[in-house]
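Here is the structure we will look at.
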Amino acid sequence: MAAKLHLSLAAVTVSWLALAASAAAAGFYEKFDVVGASDHVRVVSDDGKSQQVALTLDRSSGSGFTSKDTYLFGEFSVQMKLVGGNSAGTVTSFYLSSGEGDGHDEIDIEFMGNLSGDPYVMNTNVWANGDGKKEHQFYLWFNPAADFHTYKIIWNPQNIIFQVDDVPVRTFKKYDDLAYPQSKPMRLHATLWDGSYWATRHGDVKIDWSGAPFVVSYRGYSANACVNNNPAGGWSSSWCPEGTSGWIHRELDGAELGTVAWAERNYMSYNYCADGWRFPQGFPAECYRK
């Protein structure tokens, strides 16, 4: 009798866990569409307050998810645990984009995989009206595959701020006479894909598929952002949620600009404003401004 009761309780537990996982997945699919092979995206119940999503990359497909809503300005945050070991050739991303057209806007955080023992490279970039090539790249000061770390994009009418574990590492300012992403609503994207042709040592090191499947985990996603599902764009404060005042006018103060300088001095591996080979006719105009 005890054995039967034990089995019955086990069956109930398994059923409850299945229902909980199903409910978590249902909440995820209300907010996001899947990119790539659907069986490469796995929704995991976290602590009942947030969700954890695992993306997989193998020879057959990469994977990702995209927000159903589009946004015009916001504070976007997620915790990520990257591919461990030999992740060369893989690219993990958390970014905003208005689409694929020639005049698209985009704000990127990308992690370019490494050979075992080498540091990960975090690439940040901004596209405005199809004009990109504004990369700042950093070696992280921790192992991003050992545990979860928080990555944040703050996008408002004054500037774009990139943060790692609440440490500002870059700010991209708006200038009235230069292109800036301010009129095209953007979707949030998270992806894991094969970037062998460029990601590691400029494409010299390809993916070692013997290590597949490669898995990256996302959790604690948050978007305190102004929802704008009008393709024509435009902005109104009425589209923004409570708490908008915490980021809509945010700019870095002196101490925070000091942390940006610290990150540039100690961990920056590439700055487009110092790449004379790439810009033989002169650097982009924002490179000459403070």
Scan segment 242-268 residue by residue and report those that are in contact (Cβ under 8 Å) with a residue 60 or more places away in the chain, in a loop (DSSP other than H, G, I, E, B) and either charged (D, E, K, R) or open to solvent by less than 70 Å² (accessible area, probe 1.4 Å) (or both).
TRP247, ILE248, ARG250, GLU251, LEU252
Is it true that TYR218 is out of contact with any helix residue (DSSP H, G or I) (no Cβ under 7 Å at 6 or more places or on another chain), closer than 30 Å to ASP69 by Cβ, surrounded by 14 or more Cβ atoms within 10 Å (Cβ to Cβ) and among the aromatic types (Phe, Trp, Tyr)?
yes
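Here is a list: ASP58, ASP47. Which entry is modelled with pLDDT of 95 or more and either out of contact with any strand residue (DSSP E or B) (no Cβ under 6 Å at 6 or more places or on another chain) or not aliphatic (A, V, I, L, M) (or both)? Spell out the reasoning first.
Details: ASP47 fails: modelled with pLDDT of 95 or more.
It is ASP58.
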Given the structure, is PHE65 closer than 30 Å to ASN266 by Cβ and modelled with pLDDT of 95 or more?
no
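Would you kindly identify the strands (runs of 3 or more DSSP E) lying entirely within segment 85-187 that contain at least 2 residues that are within 29 Å of GLY276 (Cβ to Cβ) and open to solvent by 20 Å² or more (accessible area, probe 1.4 Å)?
106-112, 121-127, 136-139, 167-173
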Could you check, for segment 120-128, whether at least one of its residues is touching a Phe, Trp or Tyr at 6+ places or on another chain (Cβ under 6 Å) and within 22 Å of GLY85 (Cβ to Cβ)?
yes
Consider segment 269-290. How many of its residues are surrounded by 10 or more Cβ atoms within 10 Å (Cβ to Cβ) and either in contact (Cβ under 8 Å) with a residue 60 or more places away in the chain or touching a helix residue (DSSP H, G or I) at 6+ places or on another chain (Cβ under 8 Å) (or both)?
12
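The values are calculated or read from the model by the stated rules, or taken from the named source; none is laboratory data. From a predicted model like this one, the values you see are computed outputs, not experimental measurements. Virtual Cβ from ideal backbone geometry, glycine too; neighbours counted across all protein chains shown. When the accessible area is computed, the model is the full protein with side chains, heavy atoms only, and any ligands, DNA or RNA have been set aside. Shrake-Rupley method; radii C 1.70, N 1.55, O 1.52, S 1.80 Å.
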